[in-house]
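Have a look at the structure below before the remarks.
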Amino acid sequence: MLFAPDTEAVLSFAVELINTGSGATKSGIDELQTIGQLGTIVRENRYSGRIDRNAAELAEVRETRDRLREIWRLPRDDMAHAVNGMLRDANALPFLIRHDDFDWHLHATEADAPLAERMRVEVGLALLDVVRTDQVDRLRECEAEDCDGVLADLSRNGSKRFCSVRCGNRVNMTAWRARQED
């Protein structure tokens, strides 16, 4: 394990959120267009606390998604500055909490903070671990040429190249067909 379990879970969530953008989805369309789609992501990732379920919240989460995509691509020092800014903007104050069936883990905003802010802060805390352990190279863009997806390589050997099995299979099949033609 590279990171604490909560850090890995939040990095996986960040990948899922970022990859709802049209260039990374199986359908090729943005998969975060409706309040219902946001509700699914929130439910599947077991977000607790304030959830407004309105258009303003959806817009804020979409902005968060775009901001996280930009941060994902930054070199280590720039990422550190961006994460610091994101945490400072939210007046984040880390604390340990245990709720539902989750053991002790970090939060840095109260449960009544807006959903998008809590997402930014949780991902910011996870990215702090990535930066301080010098593992920014584990945050990558998918190597499939026709995909804009991102990935967090949490594998032991750091060899993950694709955001999904679908992308990996597609690239491998294309390479296999090219070899067959030779």
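Quick look at the numbers
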quantity	calculated
Burial ranking of peptide ranges 113-119, 17-23, 65-71 (average Cβ count within 10 Å, highest at the top)	113-119, 17-23, 65-71
Cβ-defined net charge surrounding HIS105, 14 Å radius [Lys, Arg +1; Asp, Glu -1]	-4
Around PRO75: net Lys/Arg minus Asp/Glu count, Cβ-Cβ under 14 Å	-2
Distance from segment 1-25 to segment 43-98 (C-alpha centre basis), Å	12 Å
Radius 15 Å from Cβ of GLY28, net charge of other residues (Lys, Arg +1; Asp, Glu -1)	-2
Cysteines in the chain that, by Cβ-Cβ distance, have no pairing candidate under 4.7 Å	CYS167
Sequence-distant residues sharing a close amide H with GLY149 (under 5 Å, placed H)	CYS142
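Read-outs: derived from the displayed coordinates by stated rules, not from any lab. Please read all numbers here as calculations on a predicted model, not as lab measurements. Because the Cβ atoms are built from the backbone with ideal geometry, glycine has one as well, and the counts that use them run over all protein chains shown.
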